Every structure is written in C-alpha cells, then in structure tokens.
Amino acid sequence: MNTSKKQSVIQQMGRRAGVLMHMTSLPGEHGIGDIGDSARAFVDALADMDIGVWQFLPLGPTAYGDSPYQPLSAFAGNANLICLNQLVELGLLREAELEPLSRLPRDYCDYGRLITAKRQLLKRAAERMQGRSGVALMTEYEEFLHRQGDWVADYALFRVLKTQHGERPWPEWDKDFVRRDAAALRRAREAHRADIETTQVTQFLFDRQWRELRLYAAERDIALFGDIPIYIALDSADAWTSREMLQVDGDGVPSAVAGVPPDYFSEDGQLWGNPLYDWAYHARTGYRWWIERMRHIGRQTDLVRIDHFRGFESYWSVPFGETTAKNGAWVPGPGDGLFEALRASLGELPIVAEDLGVITPEVDALRLGQGLPGMVVLQFEVGEEDFDFDAIDTNSVCYTGTHDNDTTIGWFEGTGEDTRTRKEVLESQAAVLALTGGSAQTIHTDMIRLAFASRSVLAVAPMQDFLGLGSEARLNRPGTTRDNWRWRMAEDALDGALADRIRRMVEDASRAP
C-alpha cells in the first residue's frame, strides 16, 4: 500500500473551478458537438471565465442507446465527434458536402439521422486521404498506426465485422468469427481491406484532432478531465480480442456479470450486464491491459475519473442469466495490487475515484491508502442529517450534481423521475437554503457558490447549472435507454453577462488558475 503523504494531482494543480460538459453537448452547426471548432470555442470561453478544469464523459465509440459508458472500444475514439470543418480545411471534404448535416437540429442530438450521414462523409474523407499516398498527412497516418499498436487494427476489423453481421453483438456472429479462427480472420481482412482502412483512417483523424485540442487547452491552462467506466462492454473489440481477461467462455458467454445489490433506490438492485474481469489473470500478467488502458487515457487527459471505484475493492457478481441483481455476491477485487502496478509503470496516478453510493470502510481504506481524491455530490449530501460541510476533505472533487443527476433546478423542485418522497424534497430544499442563505429563484448559482466555497481543491458544476436550466436539460436518466445523451447547449446561451458573473464567482472563491 502507498503510505506516502505526497499530494494528489489535483492538490498539486491548486484550488480550481471546473465545468462538466460532454463533447456531444457543445453547440455547433453539424448536429453534434465536436472536438475541433466547437471544443476550441469552449476552451476559449473557459479561459475567459477563469475556469481551469473541463470535465467530460468517456470518448469511446457508442452503440445502442448512445451511452458513452458502453463503448465499443476502451481505446478507440467516437468518430461522431470529429470536426468536419477541419476536414474541409485539409481538403478531405468540400463545404457543400456538409449541407445535409447543417439541417440537423441544433438543440439536441438526433443520433438516428446524424450517424448515417456523418459516417458517409467520414468514409469519403478517408478515401480521399488514402488517394494521397506520400503526402504529409499519410506520413502522419503511418506514424499513428505505429504509435498506437495493435488496438487500431483489432478495432477496425471488429467494427467492419459488426457491420457485416447487421450490428449484432459479436457472440451472435458466425462461429468462426466468434472463436477468432485464424483463417477466417485472414479472409475477412482481405475481403474488407478498404473498409478496415477507412476505419483506421477515421481513428487517425480523431486522434489528430484530439492531440491538437489537448495542446490548445494546455496553452490556455485548461486541464482536461476525462472519465472511464471500470468495466468494458461485452460487445466491444476488447472483449472480442481479449476474452481471456474476462469471466467469459470461448463463445462469448459470461459466467457472471456486473451490477450492484438492492438498496434504498432499487429493490432489485441494478443489473448492468457487463462481463466481470478475471482478476487472477490480470495479476498473473502484471496488470498489463490496465496499464495500457491508463497509459492511453493519460495521453488524452490530465485527470481521469474512474467510474464505480468500489469495484476495485470488491465487486457484486451476479450469475449470468439472472433477471435482477438480487442473487449476487461480493467478491474481492484486485485492491492495492492493481494501483501499485499502475504506479510502477506510469508514475503518478492522475485518478479521481468515483466513490458514491454505499461505501465500506475497506473501500475508503483502499482510496485513502493510494492517496486518491474522492467525490462529494451536494445533491446527495445536503439533505443528510450527518452532513458536515466544513468537514469536506481537501483532497476531493465537490460537485453540485453529475451527469446522472437532474439539474440543480430540477432537483430542487423535485421534478422528473425523482426517487425522493415529497417530504424528502422539502427537507432537501430547507437544508440547502439554510446552507446557502439563498432562494428558490437563485438556487442554481447558490449551489455553485456552495461547491466553490467548499474545502475541496476542485469544485465542478455541470454546464446546465451555470446556465440555470431545469429538468428539460437533463443529460441522462439512469435505468432508462431512451432520449438520453441528447441535450445540447444553445449557441447564444453563454453570453458576456453570464460569463462575467461566472468569472466573479470563481474569483470570489479564490479558484482562478
């Protein structure tokens, strides 16, 4: 166990303010936020407001339900986030070709229309780039393939085969592909060479734009704060190529899956369905896959939140085939061994532990022993009788709410899919008004000021709270699969007057970079 008193990465950064805003929610003209023009404009706005940390959700390619927490790869980027205007500047697309995407809604993501149209444009851009062999862009592409290793080729083949099988999960593919028969894979690579190359080029374009964005943010002293789910999806390139690291058989059938047990919010618990890791295998291999995963996210971000941190101490294992999470059991996780292996290979760990929910003393001991900051979510805490605002640990991130919460206004009013009784809503209202000295009309800024006033070295609010939006702007409703991840900020929402007010809040709390 790491017993040093060395400061965590966020403590070394100093007292800062942050915003939670996923890339898809950025304003822009082509149906979805992007990591080019949209993201750069947002970085400029953050710098102007003295907000020093930008937190966003996982960047991987999404599938059914559009959730960034069930990506098709732990390493690939979401091609829908590629900036098309920058491809026009590179001569890979023509301005007129973007016109169909300009007709998409700007206040929400219409994924059904967006994905088909954008995929066609990216295919066209990739084909044009491949027709320029020998030029600088192709040289960069070859360097990308060399730098990124095997995951690019594995993901490209996986993505093409998934399309060939009607987008079905890989355990439902033809058996030769399920079992990764070498001859069948060789024939597939030959038969689909052009489509595989297109997917690889698309990943190169994502990587190129992301590296430019990270440099742009660093030059303006904006730290990029990423997010990864602890588990991978069964329907992912990682599970297909490396099932030996999971509790999954040769046909892709898990022996047990992830979830959490019944609690106050759910009498059946939550059955996530992700395959569980074979932690004994990971230990035997020196946690090699995890080291590569964390090295990859470290190239993209300055900080990373790991979702469901408590699963590293012990995890809820539910036998495959169960329809609820009731009949599971707690099984020991890798504990200190994983983090010591990561630190030995990668050095300092810029990790924030998502330690929400029912947390045991053993989970706290693991996090504290590794010196990792945890999370405080005011929406969860202010109504609790034992909540002591002044006792919040400095080595933590304080949030008004997260991507899974309602907006602060929606939470305060008790609207939407609130699990609280009306009595509990009123108790929360009284508690937060007593803490802030504010009012129902100013609750969103009062809650941000409260987070900013905390001892937490980093305080973060979702963009919807800065904008004072209600439940209509909620990004995700856990336990549902429809109409999530769609909200987008209006292009004129962040005007000069609001920016001035936010800057004053940051400065009043001594959180300017």
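The simple Förster model, with R0 at 45 Å and r as the Cβ-Cβ distance, assigns Thr415 and Phe320 a FRET efficiency of 0.75. Looking at region 102-207, the GluC sites (Glu not before Pro) that sit in a DSSP loop and have at most 12 other Cβ atoms within 10 Å of their own Cβ are Glu167. Along the axis of the charge dipole computed for the chain (Cβ charges of +1 for Lys and Arg, -1 for Asp and Glu, origin at the Cα centre), the listed residues Thr480, Ile392, Leu84 are led at the positive end by Leu84.
Of the GluC sites (Glu not before Pro) found in region 469-513, those in coil by DSSP whose Cβ has at most 15 other Cβ atoms within 10 Å are Glu491. Just the protein heavy atoms count here, and of the accessible area of the chain at 1.4 Å, carbon and sulfur take up 49 percent. For GluC sites (Glu not before Pro), the sites in region 241-337 that DSSP calls loop and that have at most 10 other Cβ atoms within 10 Å are Glu267. Placing unit charges on each Cβ (+1 for Lys and Arg, -1 for Asp and Glu) gives the chain a dipole about its Cα centre, and among Gly298, Thr360, Thr402 the Cα reaching farthest toward its positive end belongs to Gly298.
In region 437-498, Rg over Rh equals 1.02, where Rg is the alpha-carbon radius of gyration and Rh the Kirkwood radius from pairwise Cα distances. Using only the C-alpha atoms, the convex hull of the chain corresponds to 147 Å³ per residue. For Asp307, the amide hydrogen comes within under 5 Å of the amide hydrogens of Ile228, Ile230, counting only partners 5 or more places away or on other chains and with H modelled in the peptide plane. Per residue, the chain exposes 42 Å² of solvent-accessible protein surface, assessed with a 1.4 angstrom probe and all protein chains in place.
The values are calculated or read from the model by the stated rules, or taken from the named source; none is laboratory data. Small disclaimer: the values here were computed from a predicted structure and weren't measured. Cβ sites come from the backbone with ideal geometry, for glycine too, and all protein chains shown count toward neighbours. Ligands, DNA and RNA are stripped out before the accessible areas are found, and what is left, the full protein with its side chains, is counted by its heavy atoms. Shrake-Rupley method; radii C 1.70, N 1.55, O 1.52, S 1.80 Å.
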